[in-house]
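The values are calculated or read from the model by the stated rules, or taken from the named source; none is laboratory data. None of the values given here were measured: they were computed from a predicted structure. Positions of Cβ are generated from backbone atoms using ideal geometry, with glycine treated the same way; all protein chains shown enter the neighbour counts. With ligands, DNA and RNA removed, areas are computed over all heavy atoms of the protein, side chains included. Shrake-Rupley method; radii C 1.70, N 1.55, O 1.52, S 1.80 Å.
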Amino acid sequence: MIFIADFHIHSRYSRAVSPDMDIDNLARWARIKGIKLMGTGDFTHPLWLAELKEKLKPTDNGLFSCGETHFILTGEVNSIYTQSNKPRRIHNLIFAPSFGAVERINRKLLSRGARLRSDGRPIVGLSARDLVELVMDASPQSFIVPAHAWTPWYSVFGTKSGFDSLEECFGDMRPYIQAIETGLSSDPAMNWRISGLDQVAIISCSDSHSPRKIGREAAVFDTELNYTSIIEAMRGRRTDKLLYTIEFFPQEGKYHYDGHRLCGIHQGPRETLSKGEICPVCGRRLTIGVMNRVEQLADRPEGFVPERSSPFKSLVPLEEIIAESLGVGQTTKTVETYYQRLIARFGSEFEVLLNTPIDEIKDVDPQIGEGVDRVRKGQLHIEPGYDGVFGKIRIFGQEERIPEGPTDGEQLSLL
Ligand SMILES: [Zn+2]
Ligand SMILES: [Zn+2]
Ligand SMILES: [Zn+2]
C-alpha cells in the first residue's frame, strides 16, 4: 500500500517542544495531515516510553497503532565528543523493532553514562561510530540515520562540528549507515551532487516540535505496513518502494544561506566566496549555510541526477499557502477557518496539496486554489533562510491578490 511516513518528531519531554506533543494529538494530527505512519520520537526517555507502552497497541509486525495511525519506534541521540582534536556534535535517528530492543538500547546507553531522563533527545559522550556499534549490538534489526545531515550544528556534515564524509564520521561502522535525512534546508537534488551519498537512501522527516508541524517533510512508501518492509525499502534504496520524499523548498529552511541573524546579514555562497566569511557589521564569523556546505563537498554539477534515486516533491504547508493567498497572517482565524473547511471537504492536508483537482479547491476559494496550483508548479518566490531565520515564501505579488480579501486579524494561540 502507498502511505506517507514521518519518522522524526519529538515528545513533550524534549527541550523546546510543545506540551501538546502526546500520542493522542500525534494520532489526531496525523489523520488531519494524511500521514499513515508516525515515528514515536524520544524512545530513550523513560516517561515517554511508559506512555508509549500504555497508549500504543502492538501490531505483531514491528509497528504499533493508535486508532488509524500507525507508529514506529524512533528516538534521536545527540553524540558530543572530540575526534581528531575537533569538537563533534552529531544527531542520529534510531529505529527499533520492538519495546524489547528499545529497552536493550536504553540499558546500554545508561551503562555508558547517558542521562536519559534529562531530555527526550539525550546527550551521550559516545562517538557516532560507537553509538552505531552499541545500537547494532543491542538489536541487529535496528536502523540508524544521521539526522538533518547538513545543518551547521549537530549534524554529520555540519560546518560547526561535523565531518566531510560518512566514512570519516562512522569509520568501520559506515556500512550500517544506509540512509540520511535531508533536513529542512537541503533537498535530495543538493545531496545528489555528492557521489559519496550514492550508496544511501535519502529520506525526509519533519523533526517537528508541535503537532501542527508534523509532515512538513515526509517520505512516501509503497510497501506492506510492517517494520521489516519499511527498513528494507530504505536499506535497498528501492525506488519502487521508497516512491518519493516530500520536501520544504530548501530556501525556506533556517540554514539555507550564509549569514548573521543579529546583524541581519545574509548572502549566498558566491557572495561569501567574494566577500569572505566575516560579518561586515560586527566582524564575527557568519554562520555558513547548507547551500555553501553542499557546494564545498560536491563533486558533481548542479542538476545531476544519480541512477536509482527516489524523486521528490517540494511543497509549502497549507496554512502558509492560505495565508499567502489571502494576504493575512498565518495564525489568524481566517486561515484556521479555510484550513478546516479544506480538510473537511477533501480529507487531509496532503490530499489538498498533492491530489485534489485545482478546480475543486477553487470552488472553496479561487485564490487558495491558485496558490496551491502555483506551489505544485514551483511558481513562487522565496527569500532564503539563514542563521536560524526561516525563509519567507511569496506566492503572489501584492497587486495580484483579491483586493477585498478577508482581513480578519483575530489571533489564535500558536501551538
Ligand atoms: Zn536533531
Ligand atoms: Zn530531532
Ligand atoms: Zn554580525
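Miscellaneous remarks
- Among the residues of region 149-168, not a single one is closer than 24 Å to Ala101 by Cα, assigned to a loop (DSSP other than H, G, I, E, B) and either within 15 Å of the chain's Cα centre (by Cα) or more than 16 Å from ligand 3 (Cβ to nearest atom) (or both).
- Unique residue being on the phi > 0 side of the Ramachandran plot and in contact (Cβ under 8 Å) with a residue 40 or more places away in the chain when the list is Gly62, Gly113: Gly62
- Residue that is farthest from ligand 2 (Cβ to nearest atom) [pool: residues in region 272-302 that are out of contact with any strand residue (DSSP E or B) (no Cβ under 8 Å at 6 or more places or on another chain) and open to solvent by 70 Å² or more (accessible area, probe 1.4 Å)]: Ser274
- Criterion (away from ligand 2 (no atom under 16 Å from the Cβ) and buried (at least 24 other Cβ atoms within 10 Å of the Cβ)) met by exactly one of Val156, Val132: Val132
- Only residues that are out of contact with any Lys or Arg (no Cβ under 9 Å at 6 or more places or on another chain), outside any loop (DSSP other than H, G, I, E, B), within 21 Å of Gly253 (Cα to Cα) and open to solvent by 20 Å² or more (accessible area, probe 1.4 Å) were counted across region 333-392, and they come to 3.
- Lone qualifier among Arg216, Arg235 - being at pLDDT 95 or above, open to solvent by 30 Å² or more (accessible area, probe 1.4 Å) and within 19 Å of Ile9 (Cβ to Cβ): Arg216
- From the options Asp198, Asp207, Asp222, Asp172, residue that is within 13 Å of Ser309 (Cβ to Cβ) and acidic (Asp, Glu): Asp198
- Taken as a whole, the structure leaves Ile105 outside the set of residues that are open to solvent by less than 50 Å² (accessible area, probe 1.4 Å), touching a residue at least 12 places away in the same chain (Cβ under 8 Å), within 16 Å of ligand 2 (Cβ to nearest atom) and touching a Ser or Thr at 6+ places or on another chain (Cβ under 7 Å).
- Test: residue in region 67-81 that is open to solvent by 40 Å² or more (accessible area, probe 1.4 Å) and under 21 Å from Val132 (Cα atoms): yes
- Flag for Val145 being open to solvent by less than 40 Å² (accessible area, probe 1.4 Å), aliphatic (A, V, I, L, M) and away from ligand 2 (no atom under 16 Å from the Cβ): no
- Checked against the criterion of being under 23 Å from Pro188 (Cα atoms), touching a residue at least 12 places away in the same chain (Cβ under 8 Å), in contact with a Leu (Cβ under 7 Å, 6 or more places away or on another chain) and part of a loop (DSSP other than H, G, I, E, B), region 269-287 has no qualifying residue.
- Unique residue being farther than 22 Å from Ser14 by Cα and open to solvent by 10 Å² or more (accessible area, probe 1.4 Å) when the list is Gly125, Gly113, Gly34: Gly34
- The single condition among (1) at pLDDT 95 or above; (2) surrounded by fewer than 21 Cβ atoms within 10 Å (Cβ to Cβ) that Ile230 does not meet is (2).
- Among the criteria (1) under 23 Å from Lys377 (Cα atoms); (2) among the small types (Gly, Ala, Ser); (3) modelled with pLDDT of 95 or more, the one Ala149 does not fulfil is (1).
- From the options Tyr257, Tyr244, residue that is surrounded by 23 or more Cβ atoms within 10 Å (Cβ to Cβ), under 20 Å from the mean Cα position of the chain (by Cα) and more than 16 Å from ligand 1 (Cβ to nearest atom): Tyr257
- Candidate set: region 319-332, residues that are among the aliphatic types (A, V, I, L, M) and touching a Lys or Arg at 6+ places or on another chain (Cβ under 9 Å); chosen: the one farthest from Gly347 (Cα to Cα): Leu326
- Any chance Arg261 is of a type in the set (Lys, Arg) and touching a strand residue (DSSP E or B) at 6+ places or on another chain (Cβ under 6 Å): yes
- Residue match in region 5-22 (condition: open to solvent by less than 50 Å² (accessible area, probe 1.4 Å), more than 16 Å from ligand 2 (Cβ to nearest atom) and not in a loop (DSSP other than H, G, I, E, B)): no
- Checked against (1) within 27 Å of Ile32 (Cα to Cα); (2) of a type in the set (Gly, Ala, Ser); (3) surrounded by fewer than 20 Cβ atoms within 10 Å (Cβ to Cβ), Ser185 passes all but condition (3).
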